[in-house]
Amino acid sequence: MDDLRLYTSESVSEGHPDKLADQVSDALLDACLAGDPNSRTAIETLLGKGFAVVTGEVRTETYVEIADVVRDTIQSVGYSDIEYGFDGRTCGVLVAVQNQSPEIAQGVDKGGAGDQGMMFGYACNETDELMPLPIAMAHAMMKRQAEVKREHPGLGLRPDAKCQITVGYEAGKPKFVHTIVCSCQHSPKLTQEEVEQRVKQYIIEPTLRDYASRVDVERKILYHINPTGKFSIGGPEADSGLTGRKIIVDTYGGFCPHGGGAFSGKDPTKVDRSAAYMCRHVAKCIVAAGLADKAQVSVAYAIGVADPVQVVVETFGTAKAPEQEIEARVRERFDFTPKGITQHLRLRSPEMRYLPTAKNGHFGNKPFPWEDVSAAEDLKA
């Protein structure tokens with residue numbers, strides 16, 4: 001099989017320290033927007049053994065009891081017992097938040113981008129949600145891990161977990177699952193054999209069944225389950241957590257370039273977040289419209305300037321219409337200014353909640369407004 005290629009993507013659970021930090025940052029963003037829809041935030045969270053640090057810049061007309069939001073978020077993922085190494089009820093919370101720089105605000109107030117940078121969006125027809133198969137499967141596996149932990153506490157699984165899915169591609173199409181790596185935090189009372197059996201039965205095998213129509217899951221798969229032999233110490237006790245440290249997990253699992261800007265804790269004026277959402281939305285509409293099997297949309301901004309300095313469409317040779325024509329339609333029919341993005345995707349609507357985006361990736365989850373493809377009709381000739 002000369003055309004065989006292996007592609008791997010990673011996901012982490014909601015109890016992973018980096019993703020927990022993301023959730024704290026987005027929970028604080030939600031709290032600010034709930035009281036003042038025009039809030040501007042850039043909130044960073046650091047988690048360590050027994051403590052949480054919240055820092056960043058905020059401009060808002062509302063009051064948020066930051067420590068309460070931090071503690072509630074930590075407990076919501078299962079860190080509510082010191083036996084797990086981290087307890088949201090008793091951990092220390094240090095707050096070091098300041099006002100947004102007026103020099104940045106003067107550009108944003110005029111509708112300009114909150115920062116410079118490049119953003120990318122991607123879509124392909126490998127899954128129903130138009131995501132690459134390896135990252136879709138990895139997210140599904142970690143979502144199931146959280147559900148199993150909540151619904152079956154007697155299994156002894158704990159909040160922290162991560163996985164990798166390696167898929168064999170032939171002629172550019174996913175054909176079979178090659179390797180699964182899955183590490184799940186567990187009670188120290190469990191043996192390695194018990195952990196392997198429970199992780200396979202309750203997490204891995206149901207996920208494979210869900211994707212059996214998309215890829216061969218019957219072929220012999222190489223498994224690495226808790227390959228170090230033991231994973232009872234997890235979460236911030238074992239490793240610090242930091243907002244924005246899982247940017248590839250949050251996006252496309254390595255199938256698309258990344259501009260480097262993280263998402264969580266940032267309001268829609270920060271194009272690191274909002275423009276990345278818009279690029280995903282447009283790329284997905286291109287594929288949903290039947291104009292290409294794969295699409296990548298990239299943009300770039302100058303701080304304080306509303307219009308992007310670049311809008312580029314790449315279809316990797318899968319376009320059903322001239323690529324330049326697709327790009328021209330995108331430029332004509334979508335508004336990539338921060339204001340236009342916010343309005344089109346309803347990023348400041350009362351029902352918008354950012355905390356769910358900090359679990360199982362920012363893309364591929366149907367309720368998120370940037371996943372809607374009704375605008376695909378606008379791209380058709």
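Each value in this text was obtained by applying a stated rule to the coordinates, not by laboratory testing. All values derive from a computational prediction rather than experimental measurement. Glycine gets a Cβ as well: all are built from the backbone with ideal geometry, and neighbour counts include every protein chain shown.
Tabulated results
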| quantity | calculated |
| --- | --- |
| Overall form of region 90-210 per C-alpha gyration tensor (a/c, 1.5; a/b vs b/c) | oblate |
| Cα-centred dipole magnitude for region 31-118, charges only on beta-carbon of K, R (+1) and D, E (-1), debye, nearest 20 | 100 |
| Expected-Rg normalisation [2.2 N^0.38 Å, Cα atoms] applied to region 196-337 | 1.39 |
| GLU325-ALA238 pseudo-label distance in nm [points 7 Å out on the Cα-to-Cβ vector] | 5.4 |
| Region 133-177 versus region 248-324: alpha-carbon centroid distance in Å | 25 |
| Fewest-first ranking of ILE225, ILE82, using other Cβ atoms within 10 Å as the exposure measure | ILE82, ILE225 |
| Descending semi-axes in whole angstrom, ellipsoid equivalent of region 274-380, from the Cα gyration tensor | 22, 17, 12 |
| Trypsin sites (Lys or Arg not before Pro) restricted to region 169-250 and DSSP loop, no more than 14 other C-beta within 10 Å | LYS189, ARG219, LYS220, LYS230 |
| Cysteines without a disulfide-compatible neighbour (Cβ-Cβ under 4.7 Å), the chain | CYS32, CYS91, CYS124, CYS184, CYS256, CYS279, CYS285 |
| Percent RCO, i.e. relative contact order, over region 79-210, from Cα pairs under 8 Å lying at least 6 residues apart | 16 |
| Burial ranking of peptide ranges 335-342, 264-271 (average Cβ count within 10 Å, highest at the top) | 264-271, 335-342 |
| Computed over region 1-105: relative contact order in percent, which uses C-alpha pairs under 8 Å that are six or more apart | 26 |
| Residue pairs, from the table LYS270/LYS339; LYS175/LYS366; LYS173/LYS359; LYS294/LYS320, whose Cα atoms sit over 18 Å apart | LYS175/LYS366; LYS173/LYS359 |
| 222 nm mean residue ellipticity, helices alone, for the chain (DSSP H n ≥ 4; -39,500 (n - 2.57); rounded to 500) | -9000 deg cm²/dmol |
| Estimated vicinal HN-Hα couplings, Hz - region 8-20 in sequence order (Karplus 6.51, -1.76, 1.60; Gly, Pro = x) | 10, 10, 10, 9, 10, 6, 5, x, 5, x, 5, 6, 5 |
| Within the chain: Cβ-based charge dipole about Cα centre, in debye rounded to nearest 20 (Lys, Arg +1; Asp, Glu -1) | 420 |
| For the chain: relative contact order, % (alpha-carbon pairs under 8 angstrom, 6 or more apart) | 26 |
| Nearest-0.05 FRET efficiency for GLU205 and ASP307, computed from C-beta distance (R0 51 Å) | 0.55 |
| Antiparallel bridges, percent of DSSP beta bridges restricted to the chain (to nearest 5) | 75 |
| Top positive-direction residue, dipole computed over the chain with Cβ charges, set ALA358, TYR7, LEU379 | TYR7 |
| Residue order, fewest to most surrounding Cβ atoms within 10 angstrom, among VAL95, VAL58 | VAL95, VAL58 |
| Environment charge at HIS178 (Cβ cut-off 11 Å; Lys +1, Arg +1, Asp -1, Glu -1) | +3 |
| Net charge contributed by nearby residues that have their C-beta within less than 13 Å of ARG245 (K/R +1, D/E -1) | -3 |
| Cα-based shape type of the chain, given that a ≥ b ≥ c are square roots of the gyration tensor eigenvalues and the cut on a/c is 1.5 | oblate |
| Formal net charge of residues neighbouring GLU194 (Cβ-Cβ distance under 13 Å; K, R +1; D, E -1) | +2 |
| Packing-based exposure ordering (other Cβ within 10 Å, fewest first) of GLU126, GLU371, GLU325 | GLU325, GLU371, GLU126 |
| Long-range HN-HN contacts of ASP216 with modeled amide H, under 5 Å | PHE176, VAL177 |
| Residue-wise HN-Hα coupling along region 50-59, computed from phi with Karplus coefficients 6.51, -1.76, 1.60 (Hz; x: Gly, Pro) | x, 8, 9, 10, 10, 9, x, 10, 9, 10 |
| Amide proton proximity set for ALA113, modelled H, under 5 Å, gap of 5+ | GLY304, VAL305, ALA306 |
